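First the structure, in the form of structure tokens, and then the observations on it.
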Amino acid sequence: MLGYTATEVMNKITPADISDPQEVIARAKTLSVELGTEITPGFEALVFKASRGIEDIYELTYIRKDGTRFPAVVSVTALRDAQDAIIGYLLIGTTIPRENRRKRRCSRREPCRARSSTAPIFRASPLTRRGSFRSSTSAPSGCSATPPPR
């Protein structure tokens, strides 16, 4: 979907690096106001809600290796160990079909997920930490990111 090999991205870039920088900055500002705390533009802006157990599905423009751009719906889930510590994040990006782009403009009152049946849905149980994934006709593409090794 993005044109990279696993070797080119694993432990080298974050999802923020393949996202439109202006949109990541705008997301950080919006979340800072919404949540009443300073959110840093970059990876933190993409996973902040999920790290606090808040469902997070949003639209973002991804940038392919060749520089072309495309809009995507992103669903973020924090991955936790048995002690409830975050061990990484799962970000699932799904392209928005061209004919649905105009219809999918989100407002603050109506979340993106309520407007489309084509976006994948991941639901994790807070008790079992297990989830299920449902997609429509096409398989989703995604990337997972974990914190850098210490």
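The values are calculated or read from the model by the stated rules, or taken from the named source; none is laboratory data. The structure displayed is predicted, hence computed values, not measured ones. As a convention, Cβ positions derive from the backbone with ideal geometry for all residues, glycine included, and neighbour counts pool all protein chains shown. Ligands, DNA and RNA are excluded from the accessible area calculation, which covers all protein heavy atoms including side chains. Shrake-Rupley method; radii C 1.70, N 1.55, O 1.52, S 1.80 Å.
Some notes on this structure:
- Sites E8 and S51 - FRET efficiency at Förster radius 25 Å, r taken between beta-carbons, to 0.05: 0.45
- Extreme residue, positive dipole direction of the range 1-75, given options I54, V33, N11 (C-beta unit charges): N11
- Taking all protein chains together, T61, T68 sort by accessible area into T68, T61, largest first [probe 1.4 Å].
- Of the trypsin sites (Lys or Arg not before Pro) found in the range 24-89, the ones in coil according to DSSP and having at most 16 other Cβ atoms within 10 Å of their Cβ are R52, R64, K65.
- Counting only protein heavy atoms and a probe of 1.4 Å, the accessible surface of the range 30-95 is 53% carbon and sulfur.
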